[in-house]
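Here, each number is a calculation from the coordinates, and none is a lab measurement. Note that the coordinates shown come from a computational prediction; the quantities given were computed from them, not determined experimentally. FYI the Cβ positions are ideal-geometry reconstructions off the backbone, even for glycines, and counts take in every protein chain you see.
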Amino acid sequence: MTNTSLEQVIQYAREYNLIPVVRTIMADTETPIRIFQHFYQEPRAFLLESVEGGVKWARYSFIGNDPFLMIRGKNGVIEIERQGRTERVEEKPIEALKAYLRSFRSPSMENAPPFMGGAIGYFGYDLLQYYENLPAHQIDDLNMNDIQFMFCDQVIVFDHMKQQIQVIANIHIPEIATEEDIKTAYRKTICKIDATIDKLRQPIPYAMMSSNPIPADVDLGNVQSNVSKEQYIANVGQAKELIRAGDIFQVVLSQRFNIETQVSPLQVYRVLRTMNPSPYMYYLKMDDEVIVGASPEALVKVNEGRVETKPIAGTRPRGATPEEDALLEKELLADEKERAEHLMLVDLGRNDLGRVSEFGTVRCDSYMEIEKYSHVMHIVSNVSGQLRKDRDFFDAMLSCMPAGTLSGAPKLRAMQIIADMEREARGPYGGAIGYLGFSGNMDTCITIRTIVFKGGKAYVQAGAGIVWDSIPENEYQETVNKAMGCLKAIRMAEAIFPDRTKEVAYTNLDYFVKS
């Protein structure tokens with residue numbers, strides 16, 4: 001049975017031009033990974049997954065492929081790909097994205113998942129260069145886009161709480177449409193849903209289970225970085241001098257590790273989600289790039305007019321025993337340097353949301369709580385406000401990009417220093433990944449604890465917040481600790497799935513060769 005009737009669609013068509021048709025089916029024997037296996041070898045596909053459990057951050061997983069529209073932007077040139085044609089225009093990336101999203105009018109349905117179709121992709125760290133006078137990095141070796149989004153009008157929603165799947169396909173209603181036109185479009189949409197469910201019922205053509213044991217630990221082997229330890233420590237020293245001079249309060253300095261690998265990104269994702277389950281898990285495949293991540297930190301979320309951000313600052317490694325873990329947690333919460341840094345970034349988050357929220361509605365819902373992950377623990381707070389009537393999620397995004405926890409304070413001066421000290425462009429790292437819904441909802445996380453697969457290499461970037469009393473050696477080690485989970489996930493996937501290497505690190509390249 002389809003949850004959305006023809007009569008409802010006809011009624012919605014009076015006001016909206018994109019209407020979701022929903023069919024709900026049982027999913028108590030399924031998992032998001034198993035569902036995604038039907039799609040991940042296609043040239044463009046996504047999985048946005050919440051693993052930790054609980055309704056606020058972890059109820060839904062979203063799966064999709066075959067976007068009807070692609071928007072990507074680089075150096076002021078926007079490419080808009082639709083129906084096999086590519087148009088290039090000179091425009092600020094977010095303005096082009098905004099124009100296309102605003103051209104779709106979609107209803108908010110009662111008791112519906114927050115995302116029923118829209119744009120899925122990433123904003124790069126350097127997005128603010130289009131709006132502020134900021135210097136470019138000296139080297140752009142990864143050559144990643146400033147933004148890249150897939151517009152998907154069909155999505156599979158996995159409801160972890162109810163153990164159900166909602167297969168959603170959106171009907172495009174022309175500006176002038178008769179009732180007969182709507183009926184025809186409805187029937188075609190039902191056929192699309194039927195075809196998707198039929199595909200989900202088909203057996204996976206290859207075994208995804210491995211008989212190899214999960215290793216207790218792995219040797220990282222040859223790992224390269226774009227900056228030496230000596231240079232990173234020197235950069236920290238230089239940043240501290242700027243802080244002492246009153247130029248800035250804090251700056252986040254990072255390094256980017258890389259590993260040569262042919263392991264399938266999906267196998268790495270499978271390992272990562274079990275090693276380091278996080279509020280935001282994602283697998284984005286867009287042609288010759290795959291982005292896999294497990295981010296603990298929301299950037300900005302808009303749901304039914306409520307806007308939220310979730311500052312994370314203050315880090316310790318996990319303890320080897322429960323007793324050591326508890327001791328490290330107590331030490332972290334008592335560390336005046338970490339507390340001061342966290343308070344500064346909470347205040348920055350309040351200021352960011354204050355620019356787009358109704359006066360007097362910004363509040364700190366939770367303050368300085370500990371969240372634990374596979375290799376590190378963090379101090380976390382949650383800040384929210386009521387989005388102003390004359391603002392939308394694009395305004396909320398721009399007010400928070402990039403996060404203070406990935407740049408510093410004051411934000412613009414910190415970004416200038418980062419561009420000077422970090423020679424290579426950050427690309428997606430420090431930006432945002434998530435969805436922008438046709439109905440006006442948005443959920444994005446900061447692109448950290450993330451692996452970029454490109455050209456036979458896997459890249460992992462991590463940073464540390466530098467303040468006046470930072471110890472350079474400790475800050476360097478913090479970047480290593482933060483990257484360790486992703487680096488180990490790659491090596492563990494190689495050990496667990498040694499027979500599945502070529503299977504798809506180069507699937508993207510194979511696609512272009514064959515076509």
In segment 365-419, the trypsin sites (Lys or Arg not before Pro) that sit in a DSSP loop and have at most 11 other Cβ atoms within 10 Å of their own Cβ are Lys389
Per 5 angstrom bin, beginning at 0 and ending with the bin that holds the maximum distance, the Cα pairs of segment 1-104 fall in percents of 2, 9, 12, 14, 16, 18, 16, 9, 3, 0
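Rounded if a/c is under 1.5, else prolate if a/b beats b/c, else oblate: with a ≥ b ≥ c from the C-alpha gyration tensor eigenvalues square-rooted, which is segment 400-448?
Prolate.
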If a helix is a whole DSSP H run, which ones in the chain reach 20 Å or further along their own axis (Cα) and hold a mean Kyte-Doolittle hydropathy of at least 0.0?
none
Give the distance, in whole Å, between the Cα centre of segment 194-271 and the Cα centre of segment 428-479.
9
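Stokes-Einstein at 4 °C, 1.567 mPa s, Kirkwood radius from Cα pairs: D for the chain in µm² s⁻¹?
55
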Set the Förster radius R0 to 41 Å, insert the Cβ-Cβ distance between Leu327 and Asn111 as r into 1/(1 + (r/R0)^6), and round the FRET efficiency to 0.05.
0.35
If you take the square roots of the eigenvalues of the alpha-carbon gyration tensor of segment 360-489 and sort them as a ≥ b ≥ c, do you get rounded (a/c under 1.5), prolate (a/b over b/c) or oblate?
prolate
Sparse-neighbourhood loop sites, chymotrypsin sites (Phe, Trp or Tyr not before Pro) in segment 91-181 - DSSP loop, at most 12 other Cβ within 10 angstrom
Tyr131
Residues whose placed amide H lies under 5 Å from that of Asn276, excluding near-sequence neighbours:
none
Among the lysines, which have Cα under 21 Å from the Cα of Lys92 when same-chain residues fewer than 8 positions away are ignored?
Lys74, Lys411
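Normalized C-alpha radius of gyration of segment 228-352, against 2.2 N^0.38 Å?
1.34
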With the radius of gyration and the Kirkwood radius both derived from the Cα set of segment 109-257, what is their ratio Rg to Rh?
1.14
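Please go through segment 255-314 and write out the GluC sites (Glu not before Pro) that DSSP classes as loop and that have at most 16 other C-beta atoms within 10 Å.
Answer in residue order: Glu304.
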Environment charge at Gly434 (Cβ cut-off 11 Å; Lys +1, Arg +1, Asp -1, Glu -1)
0
Which FRET efficiency, nearest 0.05, do Glu7 and Asp469 yield, Cβ-Cβ r, R0 60 Å?
0.35
Spacing of the two label points (7 Å from each Cα toward its C-beta) at Glu180 and Asp194, in nm
2.2
Once you put a point 7 Å from the Cα of Gln262 and another 7 Å from the Cα of Lys162, both along the Cβ direction, what distance in nm separates them?
4.5
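Going by the alpha-carbon gyration tensor, a ≥ b ≥ c the square roots of its eigenvalues, is segment 34-183 rounded (a/c under 1.5) or, if a/c is not under 1.5, prolate (a/b greater than b/c) versus oblate?
Oblate shape, in that a/c is at least 1.5 and b/c is the bigger or equal ratio.
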Please report the net charge: other residues with Cβ closer than 14 Å to the Cβ of Thr196, K and R +1, D and E -1.
-1
Value at 222 nm in deg cm²/dmol, rounded to 500, when DSSP H runs of n ≥ 4 in the chain each add -39,500 (n - 2.57)
-10000 deg cm²/dmol
Post the alpha-carbon centroid distance, segment 273-331 to segment 161-192, in whole angstrom.
36
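Taking the Cβ of Gln386 as the centre, find all other residues whose Cβ is under 9 Å away and add up their charges (Lys, Arg: +1; Asp, Glu: -1).
The answer is +1.
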